[in-house]
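Asker: Please read through the structure below; I'll follow up with questions.
The values are calculated or read from the model by the stated rules, or taken from the named source; none is laboratory data. Since this is a predicted model, take the numbers as computed values, not measurements. Positions of Cβ are generated from backbone atoms using ideal geometry, with glycine treated the same way; all protein chains shown enter the neighbour counts. Surface areas here come from the heavy atoms of the whole protein model, side chains and all, with no ligands, DNA or RNA. Shrake-Rupley method; radii C 1.70, N 1.55, O 1.52, S 1.80 Å.
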Amino acid sequence: MRDVPPRGITALSGLQHVGLMSVYLVYPVLLAEAAGASNETAAAMISLTLVALGVGTLLQVIPFGPVGSGFLCQPIPTVLYMVPALIAAKQGGLPLVFGMTLAAGLLQMALSHALRHLRPIFPPEIAGLVVLLAGIATGVVGLRAIVATGADASASRPDELALALFTLTVMVALNVWARGWLRMFCVLIGMAGGYCVAVMTGRLASADVAAFAASPLLDLPGFGHLGWTFDPALAVPFALAAVAATLKVAGNVTTSQKANDPAWTRPDMRSISRGALADGLANVVAAGLGSQGLNSSTAAVGIASATGVHSRRVAWAIAAILAVLALVPKLGLLLYAMPRPVAGAALVFSSTFIVVNGLQIMTSRLLDARRTLVIGLALVAGLAVDLFPALVATLPPAWRTMLGTSLVLGTLVGLGLNLLFRIGVRRTESLAVPQGPVDTAAIEGFMTACGAAWGARRDVIERASFNLAQSVETIFQSGAVAGPLAVRASFDEFRIDLRVSYDGAPLELPDKRPSNEEILASEEGERKLAGFMLRRLADRVAVTHKSGRSTILFHFDH
Amino acid sequence: MKRPPNFTYWLDDVPPRGVTLLSALQHIGLVCSFLPIPLAVAREAGLTPDRMVALISVSMLALGATAILQVLTRGPVGSGLLAPSCFSGAYLAPSLLAVKAGGLPLVFGMTIFGGLIEAGLSRVLRYLRPFLPPEIAGFVVVMVGVTVGGLGVRYVLGVGAAAPASGRELAVSVLTLGLMVGLNVWGRGAPRLFCALLGIVGGYVAAAALGVLAVADFASVKDAPLVGVPSVGDLGWSFDAALVIPFAVGAMAACLKTVGDLTTCQRINDADWVRPDMRSIGRGTLANAIGSALAGFLGSTGVNTSSANIGLSGATGVTSRRIAYATGGIFLVLAFTPKIAGVLAVMPRPVMGAALMFVAAFIFVNGLQIIASRLLDARRTFVIGLSFIIAIAVDISPAYFRALPAAVQPLVGSSLVAGMLAAVLLNLVFRIGVRKVQRLALPAGHVDPAALEQFMDACGASWGARRDVIERAKFNLTQSIETLLSSGVATGPLEVEASFDEFDVDVRVFYDGPQPDLPEKRPSNEEIIASEEGERKLAGFMLRKFADRVSVAHKGGRTTILFHFDH
C-alpha cells in the first residue's frame, strides 16, 4: 500500500483504472439525455463527472482526517443512483438529480457511523437482492436504448439491432476468448468498434459532428446547468440507493482488507466507516459540481488484487489523468454523440455481471423458508413493476415515483418482510448427542438447519459442521466423557460459537503438535494429538471446567 | 443402497394403514397447490364452470396415474421412488400461447406432443448433460418462476381482466397470501406443511365473507353428483407446427426439473449416495413423460415431479412405496367425485393469484440456488446474464418482438422459451476453448497456499464444477502438498494437474522423489518411532483421508499421486 512503484507502472495502473471508469461514463450521458439537456450541457456534465471522480478517488485512497479507507476502491458512476436519478431527470431535470444526489450523499455520510447497526436490517440476501434488481434495471435501460429509440417504440429497426449485437458480440468475445489487455478493455474496444461502424454507415447526426469539430481542444467545463432542487417524493428511492451504496463500500473495503492482509480474520470496522464517509463525501462533491451519484467500484478492487498493485500513489496518477481529460470538451461530446444501440449494448454487457453478482451475494448465505419467501416475494413484486408498467400509471403520482421502479418496490418488500420474519428466530440452538457411534449426518443436518435459520455464510457453516462432527468423535474417543454431549450453537453477524459440554475431565488442547516421543512416552500423548487437531479446526478454541463439567468453545469468525 | 438414519418407513417398508392414509393425504394436499396452473389455462380459454369441473376431474386422473407409474419398479417405466407429479409451471407459458392460437384443443394436442418429446429426451439424458449444465437447469427454473409469478400478479391485480381488482378482491389476495406465508414462517408441524392448501381454504372463506364468491357460484357444486365418471366427451386435440418449439422447450424444462427432483429423491433415500443413478432417473423421466401425454390426452396440461413432495418425504422420513400407491389411488377416487372437483373449479381469481405468487417465490429461489451451486466464470455469467436479459426483453417489450417475422414468432412468444433457447445456444458457443485439463507448476521450496487455492477456484469456475467439491479439493490440495513437503517426501519442484468431467474431479500431483506409502490404517505409535518409515507412513495415511480415492504411481524416479473427488 505504501510502496512507491516505478513511474511507468504507476502511470499504466492509473490508466487502467481510468479506462475502467470510462465505461461508466455512459450513465451521465443517458441522464443528460433523459433530462433533455443540450450537447454542451452533456459535455460539461461528463467533464465535471471526471473531476468528481478524481476528487472522489483522492478522498477514498489518501486518508485525511477521518476520511478515506486508504484502499484502491475509488468511486465510479453507479447504477444504484442511476435508477432513481433517471426518474428525477424526467421529472425535474438535472437540478433535481443534483439536489437529490446531494441529499443522498449527506445521508451516506451519516450512515457511515451507523454501519454496525445496518447489518441486521440489511442482511446479504437483501443486499444481493438490491444488486440483482439494479442489474435487471440496468439491463432494461440498455434494452430500451437498443430497441426503442425515438418515439415509435414498436418499430423494429434491424440496423440498430444489428449495431447493438455487433457491439455486444465484440465485448463478449473479447472477454471470453482474449487475454491480457484486450480482455481488460473489452468494453472500451467494443464501444469504439460500434462507434466506428456507426460512423462508417453514416449513422451519426451531422449536427453532432459539427459540434464536435467546433469545440475547442482544451477548455474549462461550464457550470451553466447547475442548480439544486429537492422533491420529498423521491426521498425513498434515493435513501434506499444511499443505504445500498454504503453497504457496497463496506463490502469493497472488506475485500481490499483481505487482499492486503494475509492474516486477515475479520473486517476492520474503522477503515470501513472511513471508506463509507469518503464515498458519501464524494457524492456530495459530485452533486455540488453537477454530476451524478458515485459509488465505490468493485471492478477497481478486482484490478488491484489481480495486478497486485495496491500502492496509494496510483490514486494520484488516476486523479491527474482524470483532471487532464476533464479539460477536453471534445471527449464529452464524443461520448454524448455515441449511438444509443452502442451505449445500450455496453449497459446490457455490464448488467449481466451485476445480475450474476447479485445472485451470488444472495445465495452466499444459507436460505431457509423465511429467507426464501423474503427473496422470492420481493422478486415477484419487483418484476411485476417491470412486466406491467401500465399498473404503475394507475397509481397516484406521489406513489408512482416511490413504488414505480422494480428496484425500489422490490427492495421495500424485501426489507419489510425481513423485518417481519425476524420475529421468532432463535439465535441459540441446542442438540444432545448420545454416547455410542456418532451419527455424522444428524450433526451436519443440525448445523445446516441452524445456518439456514440464521442466514449464515455457507462456507463457515460447512467448516463448522465438519469440525463439530470431528470434535464430537474425538471427544468420545478420548474416553474422558460420561453421559451425553450437549451442543449449543449461537450466532450473531460476526461469529458462530459452538459450545460442547460434557461431564468429565477437560480435554487438553495443546498449541503445538506433541512430538512423537511424547505420544509414546506418556498416555496423555495420544490425547494431546487429538486435542491439537481440534484446535486447528476452529478459529479460536477455549476450554473451561467447572464442578465436573467441561465446556469447549469453538469460535468461528463470520 | 443403504437405509438413511432417522427414516421411519423406507422404500420397501409397510407402514400401518393410518400412516399410509395420512401421508398420502399430505402428498395430495401439496400436489393440489399446483392446480391453479391448469385452472389458469382454462380460465384464459373462457371455460364454463361445469367444463371446469370435468377438467379438474381428468387432471386428478392424470395425477393419480402418474404417481403410480413413477413408483413402479418393474418394466421400463418408473423410478421406483415416492415422487408424485404436480402440474408443471414449465408447460404454463407454452400452454398460454396455445390457448391464444387455437383454444384448448390445441393445448391438449400440443401437451401430448410435449409428453412424447419428454419420452424421447428420457432416452438420451446421458448425452444431454454437457448441453444442459446445472446453471441452465437453474436458469430455466427461475424463468418458470417468472412465468408463474407474473401470472399470479396478473390475477391478484386484475391486469387484462374486464376490470382491475377491486379493494375486496385485493383483500382476499392479501389474506390468502398472508395466511400461506404466516403458516409457513411461524407454523409448526401439519399447519406449516399444508400452508398452501390452508391458505387456499382461508381464501375461499374470505372470498365468501367479502362477497367475492357468491352463493350462486356454488350452484354447479350443488348440481354435481357425488359420484360420476369424468366427462371426456367433447374433447379435441389439434396440432400446430408453429408451437412445436415452445412445447419442445417446455418439455425440456419439465424434463430437467424431473431429473433434478429424482436426483434429490435418490439422495434422500440412500445414505451411501454418491452420484445419480441415471438408469432409474431415465425410467422416472419416462414415467413423467407418459403422465404429461396422458394429461394432454385426457384434457389437461403437462406435469412434472413436485420438489415440495420430495422435500416432504425427506423431512418426515417416510418414503414407502405404499404411500405412492395410496396417493395415486385417492387421486383416482377424487376424479370420480365431481362435487370436490366442483369446489376447486370455482376457485376465485384472487385466491388463485395469491397461490401462484406463493409457489413462484419458492420456484424462484430454488432456481437461483441451483445456479449458484456451481462456480461461475465469465462465460457462464454471460450464458445466464444475457439469456436473462433476453427473456426479460420479451416480457417488457412484446410489441417490439411482435414486429419480427412470423417464422420466429413462437420462439419469442414467451420469456421462458426465448431465454432457454438463448441459454442453450450461448452455452454451445462458449464451450469453444474451455480446457478440461489445467496445469500449475510449483517451484521447489516454499509453496504459497493462496496460489493453490486460486488455481483450483479458477479451474472450478471454468468447468462450472460444484462449489462444495471444489472447496474440498482446495482444502485437500493445500493440505496434501504441505504434508508432502514437510514429511520430506518431495523435495524438488512439484507439478499439479487438475482435470474434470461431469462425474469426477481428478487432481494429480507430480514430483521427483520416492513413492509415499499410503497405508489404510494409521501406523501405530511404536511404528512411527521404531522405523524411519513410520513418519512417512503417517503422512501417507493423512493424504488418504483427504480425497474420495487416492492412488500412487511411480515411474523412472517420478511419482504421481492421484486424488479423486466424486462430483
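Asker: Give me the accessible area per residue for the range A:229-315, probe 1.4 Å, as a whole number in Å².
Answerer: Numbers: 2860 Å² over 87 residues.
In whole numbers, the range A:229-315 has 33 Å² accessible per residue.
Asker: Take the Cα gyration tensor of the range A:316-446, multiply each eigenvalue by 5, square-root it, and list the three semi-axes largest first, rounded to whole angstrom.
Answerer: Semi-axes (√(5λ), whole Å): 45, 26, 14.
Asker: For helix B:244-269, report the angle its Cα long axis makes with the longest principal axis of the Cα atoms of chain B; keep it between 0 and 90° and round to the nearest 10°.
Answerer: For helix B:244-269, the angle is close to 60 degrees.
Asker: Report the Cα-based extents of the range A:55-114 along its three principal axes, largest first, to the nearest Å.
Answerer: Here the spans come out as 38, 22, 17 Å, largest first.
Asker: Convex hull over the alpha-carbon atoms of the range A:462-558: what's its volume per residue in Å³?
Answerer: So the per-residue Cα hull volume is 91 Å³.
Asker: Further, regarding this structure: Given the range B:170-281, report the % of alpha carbon pairs whose separation exceeds 25 Å.
Answerer: The answer is 63 percent, as a whole percent.
Asker: Turning to a different aspect of this structure: Rounded to whole Å and sorted largest first, list the principal axis extents of the Cα atoms in chain A.
Answerer: In descending order, the Cα extents are 91, 60, 45 Å.
Asker: I've got another one for you. Using label points projected 7 Å from each Cα along Cα→Cβ, tell me how many nm separate residue A:493 and residue A:209, to one decimal.
Answerer: 5.6 nm
Asker: To two decimal places, what compactness ratio does the range A:81-194 give when its Cα radius of gyration is scaled by 2.2 N^0.38 Å?
Answerer: Scaled against compact globular proteins, the figure is 1.42.
Asker: Do any residues of the range A:422-448 show a loss of at least 30 square angstrom of accessible area between the isolated chain and the full protein assembly, using a 1.4 Å probe, and if so which?
Answerer: Residues of the range A:422-448 that lose at least 30 Å² of accessible area once the other chains are added: A:439.
Asker: Can you work out the accessible area per residue across the range B:422-534, with the rest of the protein chains kept in place, probe 1.4 Å, in square angstrom?
Answerer: Result: 48 Å² per residue.
Asker: A follow-up question, please. Around residue B:125, under 14 Å between beta carbons, what's the net of Lys plus Arg minus Asp minus Glu among the other residues?
Answerer: Charge balance near residue B:125 sits at +3.
Asker: Regarding the range A:1-159, what is the average projected area of its C-alpha convex hull, in nm²?
Answerer: Hull-based average projected area comes out at 13.1 nm².
Asker: So, with a 1.4 angstrom probe, what is the percent of accessible area on the range B:240-312 that is carbon and sulfur?
Answerer: Numbers: 1320 of 2020 Å².
Answer for the range B:240-312: carbon and sulfur cover 65 percent of the accessible area.
Asker: Taking a ≥ b ≥ c as the square roots of the eigenvalues of the Cα gyration tensor of the range A:142-261, is the shape rounded (a/c under 1.5), prolate (a/b larger than b/c) or oblate?
Answerer: Working: a/c = 1.57, a/b = 1.20, b/c = 1.31.
Taking the square roots of the gyration eigenvalues as a ≥ b ≥ c, the range A:142-261 is oblate.
Asker: Right, next: Could you tell me how many degrees, from 0 to 90 and to the nearest 10, lie between the Cα long axis of helix A:39-61 and the main elongation axis, the longest principal axis, of the Cα atoms of chain A?
Answerer: Rounded to the nearest ten degrees, it is 30.
Asker: If we count every other residue with Cβ under 10 angstrom of residue A:506's Cβ, Lys/Arg +1 and Asp/Glu -1, where does the sum land?
Answerer: Here the count lands on +1.
Asker: Considering only protein heavy atoms, what per residue accessible area in square angstrom results for the range A:412-469 with a 1.4 angstrom probe?
Answerer: 47 Å²
Asker: Rounded to the nearest 5, what % of DSSP beta bridges with both residues in chain B are antiparallel?
Answerer: 95 percent
Asker: On average, how much area does the Cα convex hull of the range A:2-52 cover when viewed from any direction, in nm²?
Answerer: Taking the Cα atoms of the range A:2-52, their convex hull projects to 4.4 nm² on average.
Asker: Let me ask something additional. With Rg and the Kirkwood Rh both taken from Cα atoms, where does Rg over Rh land for chain B?
Answerer: Looking at chain B, the ratio lands at 1.06.
Asker: Right, something else. For the range B:252-399, take N as its residue count and report Rg(C-alpha) divided by 2.2 N^0.38 Å.
Answerer: That works out to 1.27 for the range B:252-399.
Asker: Rounded to the nearest 100 Å², what is the sum over both chains of accessible area buried where B meets A, with a probe of 1.4 Å?
Answerer: Chain pair B/A: roughly 5200 Å² of buried accessible area.
Asker: Same structure again: Would you mind checking the pairs B:257/B:339; A:90/A:248; A:258/B:474; B:436/B:474 and listing those with alpha carbons more than 23 angstrom apart?
Answerer: From the list (B:257/B:339; A:90/A:248; A:258/B:474; B:436/B:474), the Cα-Cα distance tops 23 Å for B:257/B:339; A:90/A:248.
Asker: Suppose the chain between residue B:128 and residue B:273 were pulled fully straight at 0.36 nm per residue; how much longer would it get relative to their current alpha carbon spacing?
Answerer: On the way: separation 145, 0.36 × 145 = 52.20 nm, distance 2.21 nm.
Difference between extended and current length: 50.0 nm.
Asker: What do you get for the angle between helix B:278-298 and the principal long axis of chain B? Use alpha-carbon atoms, 0 to 90 degrees, nearest ten.
Answerer: The helix B:278-298 is inclined about 10 degrees to chain B.
Asker: Shape of the range B:280-364 from its Cα gyration tensor (a ≥ b ≥ c, root eigenvalues): rounded if a/c is under 1.5, otherwise prolate when a/b > b/c, or oblate?
Answerer: Judged from the Cα gyration tensor, the range B:280-364 comes out rounded (a/c under 1.5).
Asker: Same structure again: Cβ under 13 Å from residue A:134's Cβ, residue A:134 left aside: what net charge do those residues give with Lys, Arg +1 and Asp, Glu -1? Each step should come with its number before you reach the end.
Answerer: Working: positive: A:248; negative: A:386.
That sum, taken over residues with Cβ under 13 Å, equals 0.
Asker: Quick one: the Cα spread of the protein assembly as shown along its three principal axes, in angstroms, biggest first?
Answerer: So the three principal-axis extents are 89, 86, 60 Å.
Asker: Of the heavy-atom accessible surface of chain A (probe 1.4 angstrom), what whole percent is carbon and sulfur?
Answerer: The value for chain A is 65 percent carbon and sulfur by accessible area.
Asker: Using only DSSP helix segments of four residues or longer, with each worth -39500 (n - 2.57), what per-residue ellipticity at 222 nm results for chain A after dividing by its residue count and rounding to 500?
Answerer: Here the helix-only value at 222 nm equals -21500 deg cm²/dmol.
Asker: So what's the back-of-envelope 222 nm ellipticity for chain B, counting only DSSP H runs of four-plus at -39500 (n - 2.57) apiece and dividing by all residues, rounded to 500?
Answerer: -20500 deg cm²/dmol
Asker: Give the shape of the range B:96-195 as rounded, prolate or oblate, defined through the alpha-carbon gyration tensor: a ≥ b ≥ c are the square roots of its eigenvalues, a/c under 1.5 means rounded, and otherwise the shape is prolate if a/b is larger than b/c and oblate if not.
Answerer: Oblate shape, in that a/c is at least 1.5 and b/c is the bigger or equal ratio.
Asker: While we're looking at this one, here's another question. What do you get for Rg/Rh of the range B:1-140 when both radii come from the Cα atoms and Rh is the Kirkwood radius? Intermediate values should be presented prior to the final figure.
Answerer: Numbers: Rg = 18.0 Å, Rh = 17.8 Å.
Radius of gyration over Kirkwood radius for the range B:1-140 works out to 1.02.
Asker: Something else: In the range B:1-156, what percent of the accessible surface is made up of carbon and sulfur (1.4 Å probe, ligands and nucleic acids excluded)?
Answerer: The computed percentage sits at 64.
Asker: How many Å³ per residue does the convex hull of the Cα positions in the range A:300-343 occupy?
Answerer: Spelled out: Cα convex hull of the range A:300-343, divided by residues, is 87 Å³.
Asker: Counting pairwise Cα distances across the range B:333-416, what percent come out greater than 17 angstrom?
Answerer: So the portion of pairs separated by more than 17 Å is 70 percent.
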